[in-house]
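Here the structure is laid out as structure tokens; the discussion comes afterwards.
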Amino acid sequence: MSLRIFNSQTRKKEPFAPIHPPQVGIYVCGVTVYDSCHVGHARSMIVFDTIVRYLRYKGYEVTYVRNFTDVDDKIIARAQEEGVEPSLLAEKYIREFQEDMEALAVDPPDHEPRATRHIPEIIALIRTLMEKGVAYEVDGDVFFSVERFPAYGSLSGRSLEEMQAGARIEVDPRKHHPMDFALWKKAKPGEPSWDSPWGPGRPGWHIECSAMSSRYLGQPFDIHGGGKDLIFPHHENEQAQSLAACERPLARYWVHNGFVTIGGEKMSKSLGNFVTIREMIGKYHPEAIRLLLLSRHYRSPLDYSDQAMTEAQGGLRRLYTLLKDLEEPANRIQSKGKEPLTPERRKEVEALVERFREKAEEALDDDFNTAQVLGYLYETARQFNRLMDALRPADLKALSPVFLQGAEHFRRYGRILGLFNRPPREFLEQERQRLLQDQGLSVEEVEALIRERNRARQEKNWAAADALRDRLKAMHILLKDTPAGTLWEVEETTTSQEGS
């Protein structure tokens, strides 16, 4: 199957055909830097990071641009509240955002433009719109005239009447039409401003993205992305002003990720029902955050809860455990099987490995369906565990080349999803420490009990040894006696719903 992408413009899946293959240009609307980012922002960043990773995996030469809105009404208002310069406030939250993205293993884009550093391009674009008669100036403000652009509404699929009826805006009587939007805002006392042909002022929100995307990618480019909430008015206005100025579409494909909800209600700062990325990272492993946010198709809503995050953390731990077992089958802690390795069983394992690769590729080619990839990953993990539990330990070692191939497939698609970035033993040891801490235990306590049990076994005091094993089991400690000594791990106690 060739890659197909759902295009918000046409409202259907379309074959992906870059304008200048193998080059691909992607522009994604970034954050307005006036506060800490929440999990809704994380979803958008992780979704498009994954899309870029997959396109590069497919051999495309991707130029990825993601902007910062660093001058805006919200930034100015927050800066006034805190008694700081808007530029300093913006810089603070840009640094915080970049630290959050690094923690979440989101690769930096090729270009990360800021609105305040592209004022000349913005002014030039506004001048072009005025020359073409689709923009007008009133008292130092410049507006885009929606009535002079017949195609307005084609992205969101709404008429001007529908937009006006649903709009919650205070109508400026100076506008020719209530839905006209600002391209340039006249400076107010104490606000940041730049000189322009219309007097001191600053750019409107929508014009900055049109100017910066064209600056780095030309027009048209391949993919324009962002959250679903940006379809209207932001992307509708972007498309209108860019098409009006250049008489060419802004982008070939419009791609939008769904909302993150809490209790079925959209997460947003205005509602106060949000969890910051920093809060999440403080409680959960960053890869578990990625796993949860990719566990639903990117266009579908995703409901966030502590329970869902705990399940994602447990699922990640089990996948890392399997990855360790595939790379070190002789040390598998639950290995207790007695079945011999037959030619049929070997073929079954080989087919399992190849089937996962094929299904994962098909899912990603079908509009980047990471939820399905994770479903296949969990199902393949269950089948691997079943097979490995059934076989004798010696036969596990004989299948090492096949298991290593399976591990490589897991890692390959894990890299696309941003998972399995750590050596399995290192990750699992860190998780073991965290799980023990959650139960009020320490490694020293557990290993002291294991040494006591081993002494009882050496003295052939089987009753005492069994009692100690039962005591450890009640503490959720799993044991495996090997020629090299007793291995142990903390049992997963959270009920998981992965792959559902």
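The values are calculated or read from the model by the stated rules, or taken from the named source; none is laboratory data. In this text the structure is predicted, and so the values were computed from the model without any measurement. Cβ sites come from the backbone with ideal geometry, for glycine too, and all protein chains shown count toward neighbours.
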Read through the list (1) within 24 Å of the chain's Cα centre (by Cα); (2) in a loop (DSSP other than H, G, I, E, B), then give the number of the only condition that Gly153 fails.
(1)
Find all pairs meeting these conditions: Cβ atoms under 6 angstrom apart; at least six residues apart or on different chains; first residue within segment 185-199 and free of Cβ contacts under 8 Å to residues at least 12 places away in the same chain and assigned by TED's automatic domain parsing to the domain that holds Glu131; second residue in a loop (DSSP other than H, G, I, E, B) and buried (at least 16 other Cβ atoms within 10 Å of the Cβ).
Ser193/Ala187
Kindly indicate whether Leu387 is at negative phi and surrounded by 16 or more Cβ atoms within 10 Å (Cβ to Cβ).
yes
Just a yes or no: is a residue in segment 284-299 part of a loop (DSSP other than H, G, I, E, B), exposed (fewer than 15 other Cβ atoms within 10 Å of the Cβ) and hydroxyl-bearing (Ser, Thr, Tyr)?
no
Filter segment 427-456 down to residues that are of a type in the set (S, T, N, Q) and not in a helix (DSSP H, G or I) and give me whichever is nearest to the chain's Cα centre (by Cα).
Gln439
If we scan segment 74-85, do we find a residue that is under 21 Å from Ser214 (Cβ atoms) and charged (D, E, K, R)?
no
Can you name the condition, by its number, that Tyr64 falls short on among (1) without any contact (Cβ under 8 Å) to a residue 60 or more places away in the chain; (2) farther than 29 Å from Leu292 by Cβ; (3) touching a helix residue (DSSP H, G or I) at 6+ places or on another chain (Cβ under 7 Å)?
(2)
Counted residues in segment 255-282 being at positive phi and of a type in the set (Lys, Arg) come to 0
Any residue that is closer than 30 Å to Val260 by Cα, in a loop (DSSP other than H, G, I, E, B), among the polar types (S, T, N, Q) and within 34 Å of the chain's Cα centre (by Cα) - is there at least one of those in segment 195-213?
no
Cβ pairs under 7 Å, 6+ apart or interchain, first in segment 69-84 and closer than 19 Å to Lys186 by Cα, second in a helix (DSSP H, G or I) and among the polar types (S, T, N, Q), ordered by first then second residue, are Asp70/Thr116; Val71/Thr116
Does Ala182 fit the bill of being within 13 Å of Ala244 (Cβ to Cβ) and touching a strand residue (DSSP E or B) at 6+ places or on another chain (Cβ under 8 Å)?
no
Where residues in segment 43-61 are of a type outside the set (A, V, I, L, M) and out of contact with any helix residue (DSSP H, G or I) (no Cβ under 7 Å at 6 or more places or on another chain), which of them is surrounded by the most Cβ atoms within 10 Å (Cβ to Cβ)?
Ser44
On the given criteria, is Leu230 under 24 Å from the mean Cα position of the chain (by Cα) and not in a strand (DSSP E or B)?
yes
In a helix (DSSP H, G or I), at pLDDT 95 or above, assigned by TED's automatic domain parsing to the domain that holds Thr128 and touching a helix residue (DSSP H, G or I) at 6+ places or on another chain (Cβ under 9 Å): is that true of Gln219 in this structure?
no
Considering residues that are in contact with a strand residue (DSSP E or B) (Cβ under 7 Å, 6 or more places away or on another chain) and part of a helix (DSSP H, G or I), the number found within segment 332-382 is 1
Lone qualifier among Thr310, Thr321, Thr261 - being in a helix (DSSP H, G or I), touching a residue at least 40 places away in the same chain (Cβ under 8 Å) and touching a strand residue (DSSP E or B) at 6+ places or on another chain (Cβ under 9 Å):
Thr321
Conditions (1) within 42 Å of the chain's Cα centre (by Cα); (2) at negative phi: number failed by Phe420
(2)
Residue by residue through segment 331-379, note down the ones that are more than 30 Å from Glu14 (Cβ to Cβ) and among the polar types (S, T, N, Q).
Asn331, Gln334, Ser335, Thr342
Would it be correct to say that Ser242 is assigned by TED's automatic domain parsing to the domain that holds His20, within 21 Å of Lys132 (Cβ to Cβ) and surrounded by 24 or more Cβ atoms within 10 Å (Cβ to Cβ)?
yes
Confirm whether Thr342 is free of Cβ contacts under 8 Å to residues at least 40 places away in the same chain, surrounded by fewer than 18 Cβ atoms within 10 Å (Cβ to Cβ) and β-branched (Val, Ile, Thr).
yes
Options Val31, Val84, Val71: the member that is touching a Ser or Thr at 6+ places or on another chain (Cβ under 6 Å), at pLDDT 95 or above, assigned by TED's automatic domain parsing to the domain that holds Gly153 and among the aliphatic types (A, V, I, L, M)
Val71
